[in-house]
1. Looking at region 621-645, which of the residues that are within 41 Å of the chain's Cα centre (by Cα) and of a type in the set (Gly, Ala, Ser) is nearest to Glu681 (Cα to Cα)?
2. I need a count of the residues in region 805-828 that are closer than 15 Å to His858 by Cβ and crowded, with 21+ Cβ neighbours inside 10 Å.
3. Would you confirm whether or not region 771-779 contains a residue that is within 28 Å of the chain's Cα centre (by Cα), surrounded by fewer than 24 Cβ atoms within 10 Å (Cβ to Cβ) and closer than 18 Å to Leu981 by Cα?
4. Just one of (1) surrounded by fewer than 21 Cβ atoms within 10 Å (Cβ to Cβ); (2) among the hydrophobic types (A, V, I, L, M, F, W, C); (3) out of contact with any Leu (no Cβ under 8 Å at 6 or more places or on another chain); (4) in contact (Cβ under 8 Å) with a residue 24 or more places away in the chain trips up Leu753, so point out which.
5. Would you pick out the residues in region 36-57 that are in a loop (DSSP other than H, G, I, E, B) and surrounded by fewer than 14 Cβ atoms within 10 Å (Cβ to Cβ)?
6. Could you check region 900-1000 for helices (runs of 4 or more DSSP H) lying wholly inside it with 3 or more residues that are modelled with pLDDT of 90 or more?
7. Take the conditions of a type outside the set (Asp, Glu), crowded, with 16+ Cβ neighbours inside 10 Å and either on the phi > 0 side of the Ramachandran plot or part of a loop (DSSP other than H, G, I, E, B) (or both) and apply them to Leu480. Does it pass?
8. In the list Leu791, Leu819, which residue meets the criterion of being closer than 15 Å to Gly892 by Cα and either touching a residue at least 24 places away in the same chain (Cβ under 8 Å) or within 31 Å of the chain's Cα centre (by Cα) (or both)?
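The values are calculated or read from the model by the stated rules, or taken from the named source; none is laboratory data. Just so it is clear, the structure is predicted and the values come from calculations on it, not from any experiment. In this analysis, Cβ positions are derived from the backbone assuming ideal geometry, glycine residues included, and neighbour counts consider all displayed protein chains.
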Amino acid sequence: ATTTEYLLCEKSLPASEAETICEGLGSGWTLTRIDDPTENTYVDGLIGNDVWIGGHDQTVEGEWRWRDGEQFWDGDETGAPMAGLYSNWDPDDPSGGVDENCARQHDGGLWEDRKCTDNEDFVCEGPAICGNGAVAMPENCDDGNTANGDGCSSACAVESGYECFLPDGAGTPSICQLAAHVLVGRVELLKVRGQMLLQWETTSQSGTLGFVVSRRDSDAWQPMHEGILLALPGAPQGGVYTLRDRGATSHQSQRYRIEEIEIDGARKPVGEWALVARPASGPVLRRADYDAEPRALAARRVERAAAVVLKSDSAGPASRVVLDVARDGAVEVSIADLAELLARSPSEVRGWAESGNVKISEQAYQVPWWFDEAGDSLVLVGRSSTSVYSATRKYIVRNAPGRPMPIEPRETAVTAVGTGTTRHQLDTNTFAALTVAPDPESDYWFAASLSARASGFGHYETDIELPEVAVEAATLRVYLYGGWNLSQETAQRVAIHVNGVPVDTVEVATLGPHVFEMPVDPAALNGGDNRLLLVAESEVPAAVSGLYVDRFELDIERALSTAEPELEFTALRTGSLTVEVGAEWAHVLDITSQTKIEATIVADPELGTTSVSFEAEDGHRYLVFEEASAPVGIRGAVELDAPSNGASYLVITPAAWVSAAERFAALHAAEGLTSAVVSVESLYDSYGHSVATPHAIHDFLVDANAQWTDKPRFVLLLGDGTLDYRSRMGIGPGAIAPRMVQTKAGLYASDALLGDLDEDGLADIAVGRIPARSLDEAVAAFEALHRYQALEFSDFGLAALMISGANRGTNFSEPIDDLQKWFSSELETRSIGVEALGVERARAELAVDLQRGPYWMHYTGHGGLDRFDDEGVLTSQDIPTLRPLLPTIVTGMTCSTSRFETPTADALAEHMVDPANDFAIASWGASGVTMSYHGAKLGEAFATKLFNAASGAARLGDLVVSLHQEAAPAYDAQALAVQVLLGDPALRLKTPPAGTIVAPPVDPDPDENAPSPDGSGTAAPESAAGCAVQFGGPSTSLHWLVLAALWLGRRRRDAKPRDMG
C-alpha cells in the first residue's frame, strides 16, 4: 500500500501561500513532488485543472529543485534532468522568463514555469495523518477521528476484537465493527451440588471455533483451562456452555472474560462479567470440566419421512419409473410393478425385457441388468448414494434400447473355500461443518471434532463391525478433514489404535480432505465390534488447530464363507474359486465385467451350506446372492408439462399441493400476469436425473428464460426446505430443497441465486419462498395473500416502524436515526432504539406500535436465528402473541434471522411469515452472516424503492431484483446472495403519496466539528477550506476511488463515518 496522502485544493492561491498551507498540515507535508510518469498521471487526474506542484528555481535561476531541496533539473528548456530524476516539462519550458520561478502542472500533465504570484489550485503531499479518514501506511485504519474504543484507535491501529474495511475504496473512512461472530446472552455462575459452574448461552454463532475463558485473579487474567473450549459446530441457534471453575468461591464476586476463537484462529473478545454464584439445581459435570449442548428452541413444526409411492406423481401414465436404492447389492424390480406404473400390460413389458429394450440409467450412465425369468424381474447391481442431495441412488427405467448383461458359463469343480477381500465401512454423520465447507457440492457432514488443544476433544472412539471369520490380512483407511488453522508449524498428529493396539500415527498439516491407509495386524481384530481410537497430538502447545473425523474403511482378506444372504468381494487370484453360502441356491454377478455368471451349485444338506464354484479373475469384484432385494422406493415419473409459450409468474410446488398453487396462479393471472404451476418432482425428474437437487430448478429457469416467449419474471417456491438433504438428522430436505452457496463465513441458503441466470452472483429473476409444511399451510398462505392484495396504503396506521439494536461494537442507532429523516412529514413513522430505551422498554413500545399496523417494519442490529438483537427485542416466541393490526413487510438487516434451511428449528423470519401468526406478509433478510455496514445501506436502498413510486418497483420481486442489479457494485455480492425473500415475489406493493421519501437532509452547518488534519475534531483553518484529503498514490495495491466532485467554498468531507459495522 502507498505511504502517501494528498490534499486537493480547488482554492486558487499564490504558490507561497499554497506551500504555507501544505507545511501547516504537519511534518513532512509540502506541495507535491512528482517522481515518475504514473504519479504524474495520478496527480493530473485528481483535479483536472492547472495546479501548483513543488518545483521551483527561486534560490538560483535555472536550478529547479523540489521543496525538500533536491535538484531535479538544470537550465532552461534546453537543459537536462539531474541524476536521472523524472521531469515532464512542456517542450517550451522552463522558459526562464522574468520571475517565472514556480512549477505548475498544466491540465494534461505537462509542466510549465509560471510567476509564483499567480493564483492556482494546488496539491499537497505528505505522510499519513491519523484521524483524517484516509488510510496510508503505516496506518491500519482511519475512521475520521482519533477516539479510542470505536474499532480504530487514536494511533490508527485496529483495536482488539474489531475488523475494519473501506466501503467505497481506500479514499474513504474506515468502517469498523466488532469482529466476533458469536452473540452471548445469559452468563451466570451457578453453584450446583458443591460445583462452581460458569455457564454462558450463545444466541447465535457462525464461524465460531471455540472459546477461551479467563478469571481475574489479583491484577492478572488467568486461563481456566488448557487450549480452547470447542464450540458446537452444528448449532446455528447457539449453545449452552458449562465450565467448572475449581478455583472460585461461592461468597465472593468473580470476574470472567470470554474470548471467541474463530475458524481461522483469530482471537476476539466477547465480553467481561462480574458474577456472584447463585444456588441452582441440575446435573453436575462428572467426566470432564466442560460441557456443551445446543440451545433449546422449539422444534420444526413438522417432521417428515420420505414417502414410498406406487403411482405416478402427476396425472396421466408415467413415461419412466424411478427406483430408490439405499445400499450396495443386488436389486430387483418386478415386471408387474413396471407394468402398473407405466400403464402397460405385463406381457408387453416382459417382451421389452426379452428383446433388450429396457434402458436403466443412473445420472448419465447406462446400467447393465439381468432378466431373471424365474422371478419375472429385472436385476441390477445397486450402489448406495454418494450424492450430497439424496440418501438413495436413483435408477431410471424406461422403454428404450438397454444393456442386458451377457450370461457366461463359468462352472468349475468344487474346491476348498477360497479367500477374497471384503470391505467394511463406517460413516457417522453427526453435524454439518458449514463454516469450513469449501464447496456446497462436497460432503460437509462429519462424525466428530478432534484437536490436541481442545478440552474434551483430544480423542475420538467408535466401533466398526466385522463378520465372525478368520482374517488373514487387513488394511484400514482413515478419512480425516483438516478443519482449522493448520500449517507445518501447527500440524495435528493423530495416533490410531485398533482394539487397544497402536496401528499408525499420521499428520494433518493442511486444510481439506486427507486419506490415510495403513496395515492392521489381523491378530488385533475380532468378529463383532472393533474399537477404533484416534488420539490427537500437537508438538506446539499453543497451537489452536484441529480437524474433523469423517469415515473409515476396513478391507479384510478372509475366507469366502457367509451365512448372510449376499456377499460382495474382490478375487485375489485367477482360477477356480469356491464360495460357501448358507442358502440352497445363489446367483453370481461379475461386477467388474457386468456379466451374469453360471456357476456350479452344490448343496450339503447335512451342513446346511451350499458351495458356489466358478472361474474367477484376479482383481474382479463379484456379488454372490440368494435373492435380490426390492428398492426402498419405486414411483412413476412423467415428462415435464411446462407452458409452451411460457409464463411470467411460476409456482413450483410438490405435486400434492398443486391445488393450492393454482390459487396463487389464478390470483396473479387476474392481475394481468401470465401464470403457471410446475411440480417440483417433474423438475427433479427432467433436470436432476430424479435427484432432488436445487440445480434442477435453476437449470429449468435458465432454459425457460432462453426458450419461452413470455419469460419468467417471478418464481414462487411453495414449500419449505432444509439442508438435511439426506435425512441425516431425521428431518429431511423439506418440500423444495434449498440451494447452498459459499460465502466468506461458510455455507448458507440462497434462493435468490436460483434466479441467477448468467451465473454472475446476482439475481436476474425474482425467487421467493413461502415455507409451508403442508397443503393446509399453503392454502392459509394464499388466503393471507388474497386479503393483503385488497389493502391500500392508507389502510396502514404507520408507514414505517424502524428498530435499531443495542450498539455493541457497532453504532446501529445512527443509520435508523438518519433513515427516519428521509421521510416527509406527510407520513407517520416510528423508530425504536434498544440502545436508548433498553430492551424491556423497547419491547413494550414495539408491541404498541405493531397494533397501529406498520406497512414496513425494518430492523438493523445484531441478530440470531430466533431474534432481533442479542437480548431479544423481538424473538420467535413473541411472534404468535404480537398480532399487528395488519400484516407487515419486514426487512431484517442482520445475521441469520432468515436461516430457514436449519433442520432443527425455524428461523425468526419463518415464524413471521407463518400465516397462523398473521404477523408479516413477506420478509427479506439474511440466511447468513452479513456486514452491518452493507446491511444498513441495503435498508436505505430498500426504503427508497419501497416508498418511491418512480422507482418502477410495482411488485416486491421487482424491488429485490433491482437491488441486486443496481446495488451490486457498491455492496458485497455475497451479502445480496444470502438475502432471502420469504413471501410471494409477485406481491403488489402499495402506492404511497408522491414525495413521501426524500434525500437525506443537508447539514445546515457543515463545518461544525469538522476534523483538523490531526483528527482532533477542531475545524480546519479557513485558509484550507476547499481542500480534501485523498488516500493514495499510484503505488497503492488497494482499490482507491477518486472523488467525483471536489469541495467548493466551505464544503467538507464528513468528519466521522457512520459506525455501522
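1. Selected residue: Ala637.
2. Matching residues across region 805-828 total 6.
3. Yes; the residues of region 771-779 include at least one that is within 28 Å of the chain's Cα centre (by Cα), surrounded by fewer than 24 Cβ atoms within 10 Å (Cβ to Cβ) and closer than 18 Å to Leu981 by Cα.
4. (1)
5. Asp36, Gly48
6. It comes to 908-913, 932-946, 956-967.
7. Numbers: of a type outside the set (Asp, Glu): yes; crowded, with 16+ Cβ neighbours inside 10 Å: yes; either on the phi > 0 side of the Ramachandran plot or part of a loop (DSSP other than H, G, I, E, B) (or both): no.
Judged against the criteria, Leu480 is not a match.
8. Leu819 is the lone residue from the list that is closer than 15 Å to Gly892 by Cα and either touching a residue at least 24 places away in the same chain (Cβ under 8 Å) or within 31 Å of the chain's Cα centre (by Cα) (or both).
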